[in-house]
Structure formats: structure tokens, C-alpha cells
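**Student:** Okay, here's the structure, questions in a sec.
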Amino acid sequence: MIEFTLWDIVRNLLLATRWTVLLSLAAFVGGALVGMAVLFFRISKNNWSRRLASGYIALFQGTPLLMQLFLMFFGLPMLGLRIEPWTAAVLGLTFFASAYLAEIWRSGVDALPLGQWDAGASLGLHYLQELRLIILPQAFSITRAPTVGFLVQLIKSTALTSIIGFEELVRTSNAINNATFEPFKVYGLVALIFFLMCFPLTQYARRLERRGPGR
Amino acid sequence: MAFGWLPGALGDIAHGAATTILLIAVTTLAGTLLSILGAAGRRNGPAPLRHAIAWYVEVMRNTPFLVQLFFIFFGLPSLGIRLDPILAAMLAMTLNMAAYTIEIVGAGLDAVPHGQTEAALALGLRPRQVFVKIVLPQALKVIYPALTSQIVIMMLESAVVSQIAVRELTYEADMLQARTFRSFETYFVVTLVYLGLSMALRRLLVTGGRRALGAGVS
């Protein structure tokens, strides 16, 4: 039997952390892009596209992320796509993140006084220009704290992709635990690694919140 | 897509859903109680207790629930504490939820004007009576919507406890799809059950809260 020293465990966990970080970043970027699209629908003047976006958001916020990942993992092959755990993980977390980010940014848009839209219109800007130059920059700026807060939630959510077989921190720790039989130490270290990733972001979000909107 | 297996599976799905409801009911009660104690301790307790609670909240909020669950279920036996899967799940869910609701309840306690405490003390109520009868009901009323969202989030998060073989909704789905080879359809149906559960739970909490705590709860 191979002996695992503490350093062996830590080294393997840190190597697996790369994938957790990479997945979090990919899902955050993807979620931001799709979330922008959902936001456009959500704040559109058309009743039906607003309703469609609300339904999309309610669907992702009203079902477990684990189910969403399973549906990606088993559903895409039915459409004839060969799918790896990595693809299912990125796509699943992307759609999950898009719903939450769209809702967070929508609250920012709603918080702006209507006069901002009127002022934009009176300057002769059309709808897209108003959004791009006036509304969205302010909406993003006042929702910076909850956006960072959601990033923390997203990082923690990557743990679930271990269940559909993506080789990230938690899945690696399961394998190490099966070899070493030291669950207390292994899962304690995993918790510590997650904490070291999330805690600075939580503190940053808290500082943003305290400093208030804008600057 | 084929749903021929569905009629025969309804019993299992209902059984799993019942376990999920049991889990969230226990977690809601125990978690809320724990968070009231935690929030009170964080405000009025001795300094070491205050720091301990603050760190507890930070640690739980910055680590994934799945890891907490594995730590409790697989890690604690090496300290001699061996728990049933369902007990481990209830413990993990309660501890996780309390970390979030301690903050929520604390915000509610802070929102009650200090004059309320002074007035109650002036009327001769003992400090504990002041907390239980005057401050806490007002605080709960303020935070009720936030508490409701947290309970629904916890219900959705409970899908994860299937990983330690608690026979709840997701676990039943795993078993069903292994039997029927209809993975997508099985998870699709179960996802709809979760959606229905979360909508019903929210509706129930909102109407229940309106009745118990009075107006002001939407």
C-alpha cells in the first residue's frame, strides 16, 4: 500500500483546486454573458419577453442545481451531442449563474430613478444607447457587492459537479479519502481550501457594501 | 422520450418527496431556534462566545454544503461520533442554515428600536421576558421574507444529501434511473416535483406567516 504523507494529500488537493478555480471562472464569465442576454429580455418593454425571462429565472431559482446538472449531463446526449463531465459542468453552472446574475442586475436597473431614462431620451439617445451609456453602468456599479457575493456562491456550487464526475477538488478528495481513510483530515483540508478562496471575496463584498453604491 | 415507467414510480417519488419535506421541516425548526440563540449570543454573550459565533458563521458561509456534509458523515466517526445518514443530513442542514439565519435574525434584532427594550424594562419585565415577548416577535416580523427565501434555498440544497444515501427525492431519482435507464426523463420529472415543492413551500410560508405574524409580510 502506498503511504500518503500530509504533503502528498495537500499537493494533490491543490492540483485539483486548479480545476475548481477554472470552472468557477468559466461559469462566471459564461453566466455573465448569458445573464446579460436574459437581462435584456427581463427589462424589455415587450410584455412577453419580460414574462419569458421571469420564467427562465424562476425555473433556475426554483429547482436544485444538482438536478440542472443531471439534466445537462443526461439531456444533451439525447440531442446527439457527446458530452464530457467538464462540458456539462460548465454549461450547467453557466445557465445557473445567468439566472442569478440577471436577477441581481435587474434589481440594479429597477433601483435607478426613472428620470435617468427620461434624461437619456431627452438627449436624443435611442434605447440601446441609453442602456449602454446611462443605465447599465450605474446598475452594475450599485450591484457590485451582490455580484461578488454570488461569485462566492458559484465557487461553492462547483463542488456539486463532483457528483456528475467532474474531477475537481471534492471528487479528488473523495478519491484520496478512499485511499487514506482519513476523512477528518482530508475533508477538513478541502474545507480550508474553499475557505481560503471564498473568505477574501466575502470580505471584499462586505467592504463594497459598506462603502455604498458608486465609488 | 418515454414515460411508460412513470405510473409504477409514483410511489417511490412520493416517498422521496415526503422525506425531503421531513428534512426541511426539521431543519427549519431546529435552524431557526439555533439561529435565535446564536444571534442573541452574538449580541449579548461574553466576548469568547461572540468571537466563536462570528467564526462559525464565516466558516459555514465560505465552504460548500457538500463538504460540510461529508465532514460530518465521514469525518465525525473518527472522533467516535457515528450518525445515521438521515441524522447526519439533518445536522448538516441545520448547522448550515443556522449560519445564514444567524445573520438574518441578527439584522432583525438590530432593526427593533432600542426604546422598545427600555419601555419594557420600565414596565418591570425581566430581561428574558423583554427578549422573548417584545424584541423577538418584532424582529421576526421584519425578517420573515428573508427567512422564507433561506428556507426555500435550503430545501433545494437538500438534494445533495442523496450523496450520503438518505432516501430523499434525489436519491429515489438516482435509483429510478438506474432501473429504467431513462435518466433524462427521470430527472426531468423529479425536477418538476422540486419546482412544485419550492413553489408550494413558498406559498405555505407566506400565508402561514401572514396569519401568525400579522400584516406586512408579502
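**Student:** Looking only at helices (runs of 4 or more DSSP H) that fall completely inside the range B:86-203, which ones have 2 or more residues that are of a type in the set (D, E)?
**Tutor:** By residue number, B:169-180.
**Student:** Right, here's the next one. Please work out if A:M78 is surrounded by fewer than 19 Cβ atoms within 10 Å (Cβ to Cβ) and free of Cβ contacts under 8 Å to residues at least 24 places away in the same chain.
**Tutor:** Criteria met by A:M78.
**Student:** Also, I was wondering about something else. Condition first: touching a residue at least 60 places away in the same chain (Cβ under 8 Å), within 13 Å of another protein chain (Cβ to nearest Cβ) and part of a loop (DSSP other than H, G, I, E, B). Can you find one or more residues in the range A:144-164 that meet it?
**Tutor:** Yes; the residues of the range A:144-164 include at least one that is touching a residue at least 60 places away in the same chain (Cβ under 8 Å), within 13 Å of another protein chain (Cβ to nearest Cβ) and part of a loop (DSSP other than H, G, I, E, B).
**Student:** Being modelled with pLDDT of 95 or more, within 14 Å of chain A (Cβ to nearest Cβ), surrounded by 13 or more Cβ atoms within 10 Å (Cβ to Cβ) and in contact with a Gly (Cβ under 6 Å, 6 or more places away or on another chain): is that true of B:S198 here?
**Tutor:** yes
**Student:** Can you find a residue that is under 28 Å from B:G45 (Cβ atoms), crowded, with 18+ Cβ neighbours inside 10 Å and at pLDDT below 95 anywhere in the range B:74-84?
**Tutor:** For the range B:74-84, residues under 28 Å from B:G45 (Cβ atoms), crowded, with 18+ Cβ neighbours inside 10 Å and at pLDDT below 95: present.
**Student:** Same structure, new question: Can you report the number of residues in the range B:46-96 which are within 11 Å of another protein chain (Cβ to nearest Cβ), among the aromatic types (F, W, Y), over 24 Å from B:T20 (Cβ atoms) and touching a residue at least 12 places away in the same chain (Cβ under 8 Å)?
**Tutor:** 0
**Student:** Residues that are within 14 Å of another protein chain (Cβ to nearest Cβ), aromatic (F, W, Y) and closer than 27 Å to B:I24 by Cα: list the helices (runs of 4 or more DSSP H) wholly contained in the range A:22-130 that include at least 1 such residues.
**Tutor:** Result: A:47-61, A:65-75, A:85-111.
**Student:** For A:P200, all conditions in the list (1) under 18 Å from the mean Cα position of the chain (by Cα); (2) surrounded by 14 or more Cβ atoms within 10 Å (Cβ to Cβ) hold save one; what is the number of the exception?
**Tutor:** All conditions are met except number (2).
**Student:** Given the criteria in contact (Cβ under 8 Å) with a residue 60 or more places away in the chain, in contact with a Gly (Cβ under 9 Å, 6 or more places away or on another chain) and surrounded by fewer than 18 Cβ atoms within 10 Å (Cβ to Cβ), does B:R43 qualify?
**Tutor:** Spelling it out, B:R43 is indeed in contact (Cβ under 8 Å) with a residue 60 or more places away in the chain, in contact with a Gly (Cβ under 9 Å, 6 or more places away or on another chain) and surrounded by fewer than 18 Cβ atoms within 10 Å (Cβ to Cβ).
**Student:** For the range B:170-183, does any single residue satisfy the condition of being more than 9 Å from chain A (Cβ to nearest Cβ), surrounded by fewer than 21 Cβ atoms within 10 Å (Cβ to Cβ) and in contact with a Leu (Cβ under 6 Å, 6 or more places away or on another chain)?
**Tutor:** There is no residue in the range B:170-183 that is more than 9 Å from chain A (Cβ to nearest Cβ), surrounded by fewer than 21 Cβ atoms within 10 Å (Cβ to Cβ) and in contact with a Leu (Cβ under 6 Å, 6 or more places away or on another chain).
**Student:** With B:A2, B:A9 as the choices, which residue is part of a loop (DSSP other than H, G, I, E, B) and in contact (Cβ under 8 Å) with a residue 24 or more places away in the chain?
**Tutor:** From the options B:A2, B:A9, the qualifying one is B:A2.
**Student:** Take the range A:16-32 and flag every residue that is of a type outside the set (G, A, S) and either touching a residue at least 40 places away in the same chain (Cβ under 8 Å) or within 12 Å of A:L91 (Cα to Cα) (or both).
**Tutor:** Passing the criteria: A:T17, A:W19, A:T20, A:V21, A:L23, A:F28, A:V29.
**Student:** A:Y187 is checked against (1) touching a residue at least 24 places away in the same chain (Cβ under 8 Å); (2) in a helix (DSSP H, G or I); (3) buried (at least 20 other Cβ atoms within 10 Å of the Cβ); (4) not polar (S, T, N, Q) and fails just one. What number does that condition carry?
**Tutor:** (1)
**Student:** Is it the case that the range B:124-131 has a residue that's touching a residue at least 60 places away in the same chain (Cβ under 8 Å) and farther than 30 Å from A:L79 by Cβ?
**Tutor:** Yes, the range B:124-131 contains a residue that is touching a residue at least 60 places away in the same chain (Cβ under 8 Å) and farther than 30 Å from A:L79 by Cβ.
**Student:** Separate question: Could you pull out the residue among A:A121, A:A145, A:A102 that is touching a Gly at 6+ places or on another chain (Cβ under 6 Å) and either under 23 Å from B:I72 (Cβ atoms) or not aromatic (F, W, Y) (or both)?
**Tutor:** A:A102
**Student:** Could you list all residues from the range A:167-202 that are of a type in the set (D, E) and facing another protein chain (nearest Cβ under 9 Å)?
**Tutor:** Matches in the range A:167-202: A:E182 only.
The values are calculated or read from the model by the stated rules, or taken from the named source; none is laboratory data. Please read all numbers here as calculations on a predicted model, not as lab measurements. Counting neighbours? That spans all protein chains shown, and the Cβs are built from the backbone with ideal geometry, glycine included.
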